[in-house]
Every structure is written in structure tokens, then in C-alpha cells.
1. Over 29 Å between Cα atoms, which of 15/82; 85/144; 41/116; 25/116 qualify?
2. Top to bottom by accessible area (1.4 Å), largest first, where do 155, 44 land?
3. Using a simple spin-label model with points 7 Å from Cα along the Cα→Cβ vector, what separation in nm is obtained for residue 105 and residue 24?
4. Give, in whole angstrom and from largest to smallest, the semi-axes √(5λ) of the equivalent ellipsoid of segment 18-95, with λ running over the eigenvalues of the Cα gyration tensor.
5. Two-decimal Rg/Rh of the chain from alpha-carbon positions, Kirkwood Rh?
6. Whenever you get a sec, compute what percent of the accessible area on the chain sits on carbon and sulfur atoms (1.4 Å probe).
7. Along the charge dipole of the chain, pointing to its positive end and built from +1/-1 on Cβ of Lys, Arg, Asp and Glu, which listed residue (35, 14, 4) has its Cα farthest out?
8. Could you give the length gained on full extension between residue 94 and residue 153, defined as 0.36 nm per residue of separation minus the Cα-Cα distance, in nm?
Amino acid sequence: MEINQLLKTYRSSSKCQELLSAINKFQPLRAHLLNLRGSTKSIYLATIEQSIEGTHLCIFPDKETAAFFFGDLEQLQQEYNKDFKNRDILFLATENHNKTTNEQFNRFLRSTIFQKINDNEHIVVITYAEALCEKVADFRIAQKNSIFLKVGQNYLMDDLIEELTTIGFE
């Protein structure tokens, strides 16, 4: 069975129709899907995401559970080949304050996700409790205080230093 056929089958089930009806009636709705096994939660969310516009937020108790759910949903919605800007399914993680990850890049991803939420884009955000507790810089301030450079282009060091000084670096 192909993914689209699987999602169509679930979407036409009485339980899914009942859930979609409740969401349409009581927006915003906080729902807890219980007694579902394996990837069933991901399948239900995929059908909901395709049927109802808006931002969908899924909060899990820990990073591992959230990551597994994200992976399932990413496969169902075939998001894995998309550029980050065009993704509808996003994973909001902590900044990982260690030397093995790029902390600034993680901070940028987090602020971009919050900007998409703020802009009320049609997205699904998968996260966990710890990630929601971290502070995030305002995306517009971060973008205003950023310099965008292109690979292969030459820049004068004095011009870069002047631009950095202008935006507040010392």
C-alpha cells in the first residue's frame, strides 16, 4: 500500500473523522491520543495536518520520543528531501550547549521556527518539554544583526570589520 492510500484509509475511518470534527468544532483544541501503537500517532497527525490549516504543535515528554515521532512524520509527508525553508514539519530541539554541535546554527533554527509560528504559517512543530523552556532570540533582531556572505565571493576585511562594528560587534 502506498503512503497516500494509507493516509486516505485512515482519514476515512470513523475515529479520524471524529477527531477532525472535534478539531474543527473546538479550535484551538488540545488533544491527547491514547492507546495508539507504533507509527499510528504519526499517521493520525499526517491526516490532520493535510485536512486542517494552521500551526500544529506536538509536545512529547522527552527528546527521543519526539525524534522518533518526527522521523515517522517526515517519512509519511516526504519532507526529508525539502530545503529547510520549504519544510512544513519542523523539529524544535534544545540548543545543545556542547562543543560537538554548532550552537549558533541551532539557535538560528530555533528562532526561525518561532518566526514561522509567529507568521502563522501552515506547519507542524514537533518538540519536547525541555526544548520549550529555553530562551530564544527574536528572529528579526538576529536577522538585522547578521551579515550574509556568499561562498566564492571576495570581501575586503576592512569592509567586513566596518559592517560588524556598525551592527554592534567589538
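The values are calculated or read from the model by the stated rules, or taken from the named source; none is laboratory data. The model shown is predicted, which means the values in this text are computed figures rather than measured ones. Positions of Cβ are backbone-derived with ideal geometry, glycine not excepted, and every protein chain shown enters the neighbour counts. Accessible surface areas use protein heavy atoms only, side chains included; no ligands, DNA or RNA. Shrake-Rupley method; radii C 1.70, N 1.55, O 1.52, S 1.80 Å.
1. Cα-Cα > 29 Å for 15/82; rest within.
2. The ordering from most to least exposed comes out as 155, 44.
3. Distance between the two pseudo-spin positions: 4.3 nm.
4. Sorted largest first and rounded, they come to 20, 16, 13 Å.
5. Taking Rg over the Kirkwood Rh, I get 1.07.
6. For the chain, the apolar C and S fraction of the accessible surface comes to 53 percent.
7. Toward the positive end, the furthest listed residue is 14.
8. Here the answer is 17.9 nm.
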